[in-house]
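A quick write-up on the structure given underneath.
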Amino acid sequence: MSEPQPREETSGEKRAVTMEKIVNLCKRRGIIFPSSDIYGGLGSTYDYGPLGVELKRNVKEAWWREMVQTRADVIGLDSAILQHPRVWEASGHLQNFTDPLVDCKSCKQRFRATDLTEPRCPACGGEITESRQFNLMFKTFMGPVEDTASTVYLRPETAQGIFANFENLVDTQRVKLPFGVAQIGKSFRNEITPGNFIFRTREFEQMEMEFFVKPDPAEEERWFHYWVEERFNWFAKYGIKREHLRLREHAAEELAHYSRGTTDIEYRYPFGWGELEGIARRGSYDLDQHAKHSGRDLTYFDEEAKTRYRPWVIEPAVGVDRPLLAFLIDAYDEDVVEGEERIVLRLDPRLAPIKVAVFPLLRKAGQPEKAQEVMRVLKRRFMVAYDQAGSIGRRYRRQDEIGTPFGVTIDHQTMEDDTVTLRDRDSTSQVRVALNALLEELGRRIGWER
Ligand code: GAP
């Protein structure tokens, strides 16, 4: 199951952004906090603050729109985190969802054997133990008795909820091949070496889609390439530079137990190239396994061919947290506006946590009241910030730093002719817009319909 560690970049352009800058910005502005902060944090778990939760909602929305809402061949699902333990027996996770674990005999640090380049401890040079297989699933108990019979697992992937519901979905939804089932939800893995902020954590969210096709190599090939391209373009569409993305095919020994071919979409993080998303060919592995273990048929009836079979599966599987991190990193910029340095997050407006900030230029002459009236109207459509503290330049900077794409300023002219200035975060240019056209103009600029 070992996923390789991000590889260090050896060449290419220098980037202003570092992980330290991203982590600091996230903490300072309430995007992401270390979890249980007042108790010193808990082994790489994180909490999303008021801005982070909006960003996360928007990343999920961008995925759901593309993968479900705007398509005719994909349906949604929200299955439980706790499944019958036999799900994990059938799926092979109890047996195979393991990483090879080694300990340092001197400093006691633990590593994944596959991450070590030498047979010594990378921290202190000490001798390391033989490697042993460590299952990554978190265990808990269902009900008051804590014994083997009541052991259940926190799901390590959302995918199995889809396979376990295959019969329910086919029976109730009148679906025809090829079709997909998409789901977003939390997954848990007791990772040996979490790290790099939200890149690898023990609790994270996934956005997965199982795309069922006829069991035919040509169909599998066609849809596999289709999904690799679709998913690559999704990242570019929402703001990741194409030169920061690349495809990497898994070597045979890296493949997960259920996969007979996987291509990763990798992103160039400040710490090196690392996985964003994996697109796997799962064949009929999962349906076959669940059929065997549950005694159910789990076939699909092909009306045209008048025959039953278990479809094959192409699976584009991505986290929420990793793309969110990549969107933040790619959006991060520092420039100089009117002689003053600023940090600006050039997030796609669709992803930006706050879409528009409303400012009264002065804290008098009816401007705050007017600005609050404007804010109330805009709030029905968008996440809106209101700020009347400090100079207008400083207020713009505060919004630039969190990626707010538009600023609306109410000034003395507004009080006379009901127009406002509309400022663009990236160009800092301003235009005058009539208040009765503002909602439409903002809707057009933020536009999900692109
Ligand atoms: N159902 C297939 C599956 O789970 P995976 O490659 O193990 O495949 C899919 O996971 C995606 O989930 C990864 O590409 C990554 O974006 C995210 N992911 C996996 N483990 C993660 C972790 N420990 N922390 C954060 N994200 C993780």
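Annotations
- Within the stretch 99-121, tally of residues that are without any contact (Cβ under 8 Å) to a residue 40 or more places away in the chain and in a helix (DSSP H, G or I): 1
- Every test in (1) closer than 30 Å to Tyr226 by Cα; (2) touching a Gly at 6+ places or on another chain (Cβ under 8 Å); (3) not in a loop (DSSP other than H, G, I, E, B) is passed by Arg308 save one, and that test is (2).
- Boolean, Leu51 is touching a Lys or Arg at 6+ places or on another chain (Cβ under 9 Å), more than 29 Å from Glu315 (Cβ to Cβ), at pLDDT 95 or above and among the aliphatic types (A, V, I, L, M): yes
- Conditions (1) touching a helix residue (DSSP H, G or I) at 6+ places or on another chain (Cβ under 6 Å); (2) more than 27 Å from Arg310 (Cβ to Cβ); (3) within 14 Å of the ligand (Cβ to nearest atom); number of the one not met by Ser131: (3)
- Test: Thr262 is within 15 Å of the ligand (Cβ to nearest atom) and modelled with pLDDT of 95 or more: yes
- The stretch 68-98: number of residues that are under 30 Å from Glu253 (Cα atoms) and part of a helix (DSSP H, G or I): 11
- For the stretch 36-49, filtering for residues that are under 18 Å from the mean Cα position of the chain (by Cα), assigned to a loop (DSSP other than H, G, I, E, B) and farther than 18 Å from Glu20 by Cβ leaves 2.
- Failed item in (1) touching a residue at least 60 places away in the same chain (Cβ under 8 Å); (2) crowded, with 17+ Cβ neighbours inside 10 Å; (3) more than 24 Å from Lys186 (Cβ to Cβ), with Ala291 passing the rest: (1)
- Selection count, the stretch 311-331, where residues are over 13 Å from Ala62 (Cβ atoms) and assigned to a strand (DSSP E or B): 7
- From Glu253, Glu210, Glu249, residue being farther than 27 Å from Phe33 by Cα, more than 13 Å from the ligand (Cβ to nearest atom), of a type in the set (D, E, K, R) and modelled with pLDDT of 95 or more: Glu249
- Residues in the stretch 295-341 that are among the acidic types (Asp, Glu), away from the ligand (no atom under 16 Å from the Cβ) and touching a Phe, Trp or Tyr at 6+ places or on another chain (Cβ under 8 Å): Asp302 alone.
- Selection of the stretch 356-408 for residues being closer than 27 Å to Val53 by Cβ, touching a strand residue (DSSP E or B) at 6+ places or on another chain (Cβ under 8 Å) and β-branched (Val, Ile, Thr) yields Val356, Val358, Val374, Val384, Ile402, Thr404, Val408.
- Against the list (1) assigned to a loop (DSSP other than H, G, I, E, B); (2) more than 15 Å from the ligand (Cβ to nearest atom); (3) more than 21 Å from Leu351 (Cβ to Cβ), the condition Gly239 fails is (3).
- Taken over the stretch 161-204, the criterion of being part of a strand (DSSP E or B), away from the ligand (no atom under 11 Å from the Cβ) and under 30 Å from Glu303 (Cα atoms) is satisfied by Phe179, Gly180, Val181, Ala182.
- Restricting attention to the stretch 375-428, the residues that are assigned to a helix (DSSP H, G or I) and more than 18 Å from Ile343 (Cα to Cα) total 11.
- Residue match in the stretch 255-265 (condition: over 30 Å from Lys21 (Cβ atoms) and of a type in the set (Asp, Glu)): no
The values are calculated or read from the model by the stated rules, or taken from the named source; none is laboratory data. Since this is a predicted model, take the numbers as computed values, not measurements. Heads up, the Cβs are rebuilt from the backbone with ideal geometry, glycines too, and the neighbour counts pull from every protein chain shown.
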